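Right, one structure below, let's go through it.
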Amino acid sequence: MKILFSDMDGTLIDHNMSISDQNIKKMKELREQGHLIALCTGRNLMETRQITDYIDFPFDYLVLNNGGHILNKNYETLFEKKIDKKIGIDILKHTTSYPGMWSFFCDGNVNYGYKDGITINHGSVDKEVIDIDFIDAFKEADHFQIIAFNQDDEGVEDAKVCFDYIQQQYGDYVEAYFNTHYVDVVPSGCSKGTGVLKLLELISETVDEVYAIGDSYNDLSMLEVANYGYTFYHAHDDIKNATPYHVDYVYEVIEDMLGGRK
């Protein structure tokens with residue numbers, strides 16, 4: 001049996017949150033032939049279900065929060081790590097102090113975003129503005145599954161300052177990952193690579209070959225632990241140089257898995 005670990009944003013889905021018919025077709029074919037698919041993403045469950053609940057998305061497992069939360073296809077949790085309350089609060093106090101900086105947190109119950117006095121429900125499809133005090137909300141959270149932040153102008157200057165602060169103050173307790181211009185913060189010891197290894201440890205199926213595809217820096221750990229790591233010809237040179245196989249589309253990886261392309 002083989003398993004495909006695939007990143008979502010920029011890999012399976014585009015900026016319009018749509019997926020090509022050919023990718024869907026090949027994913028279904030892969031599962032019909034007895035193989036497995038795991039979606040491996042920095043998204044939390046609420047954000048992931050904005051896609052999986054509305055698109056006929058074939059998958060067997062979810063590796064979310066950059067490896068911090070693993071679920072089966074019935075959305076039953078198999079593994080979860082959390083960010084400590086006090087650490088999460090201090091990180092969010094820091095990121096919300098920067099004008100023009102979006103800050104996000106998900107505790108498993110709510111998924112809120114904030115910038116310059118405006119709070120949005122990041123767990124909803126339309127990201128509507130809500131009458132909630134973001135600072136009060138994160139102070140009331142028992143823990144955090146994931147924290148994220150990015151500059152509204154897609155720059156990285158202030159985001160890098162926040163990233164460095166987190167590394168210096170809490171590097172032993174959390175992991176921070178840059179993904180283009182935004183940063184994900186997850187519990188210590190979590191990455192997409194550890195998520196892949198943890199899922200392989202948890203599932204009862206015997207997996208002979210592991211394939212993975214992604215397009216960004218937070219995908220590298222996943223691509224490194226796979227037997228066959230893929231990225232795109234259009235990916236950044238750093239990603240291509242660290243990844244042995246290059247394709248134009250995800251379905252080409254599946255064709256390799258099924259022996260139909262090479």
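Brief remarks follow.
- For region 240-251, Karplus couplings with θ = phi - 60° (6.51, -1.76, 1.60), whole Hz, Gly/Pro x: 5, 5, 9, 10, x, 10, 10, 9, 9, 9, 4, 4
- Shown in residue order for region 144-158 are the 3J(HN,Hα) couplings computed by the Karplus curve 6.51 cos²θ - 1.76 cosθ + 1.60 at θ = phi - 60°: 9, 7, 7, 10, 8, 7, 6, 6, 5, 8, 6, x, 10, 4, 5 Hz (x for Gly and Pro).
- Prolate/oblate/rounded label for region 160-262 (Cα gyration tensor, a/c 1.5): oblate
- Filter on 81/240; 85/115; 81/192; 2/73; 25/192; 26/127 - keep pairs with C-alpha separation over 23 Å: 81/240; 25/192; 26/127
- Relative contact order of region 123-262, taken over Cα pairs closer than 8 Å and 6 or more residues apart, is 15 percent.
- Heavy-atom accessible surface of the chain: percent carbon and sulfur, 1.4 Å: 45
- Solvent-accessible area per residue in region 128-262 equals 49 Å², computed with a 1.4 angstrom probe and all protein chains kept.
- Highest-MSF residue in the chain out of 194, 48, 206 [GNM, Cα springs under 10 Å]: 206
- Distance from region 45-112 to region 178-235 (C-alpha centre basis), Å: 16
- Mean separation of Cα contacts under 8 Å, 6 or more apart, over the residue count of region 11-120: relative contact order %: 15
- Placing a label point 7 Å from the Cα of residue 236 along the Cα-to-Cβ line, the residues of region 1-23 whose backbone N sits under 17 Å from it are 7-11.
- Compactness check for region 94-154: Cα Rg over 2.2 N^0.38 Å is 1.02.
- Amide H contacts of residue 230 (H built 1.01 Å from N, in plane; Pro and chain starts excluded): 212, 213, 214 sit under 5 Å, all sequence-distant by 5 or more or on other chains.
- Dipole in debye (nearest 20) - region 76-172, about Cα centre, beta carbon charges: Lys, Arg +1; Asp, Glu -1: 280
- Put simply, the Cα atoms of the chain extend 53, 37, 34 Å along their principal axes, the longest span coming first.
- Taking a ≥ b ≥ c as the square roots of the eigenvalues of the Cα gyration tensor, region 133-202 is oblate, since a/c reaches 1.5 or more and a/b is not larger than b/c.
The values are calculated or read from the model by the stated rules, or taken from the named source; none is laboratory data. Quantities reported herein were computed from a predicted structural model and do not represent experimental measurements. Please note: Cβ atoms are built from the backbone with ideal geometry, for glycine as well, and neighbour counts cover all protein chains shown. Protein only, heavy atoms only, side chains kept; ligands, DNA and RNA dropped before computing areas. Shrake-Rupley method; radii C 1.70, N 1.55, O 1.52, S 1.80 Å.
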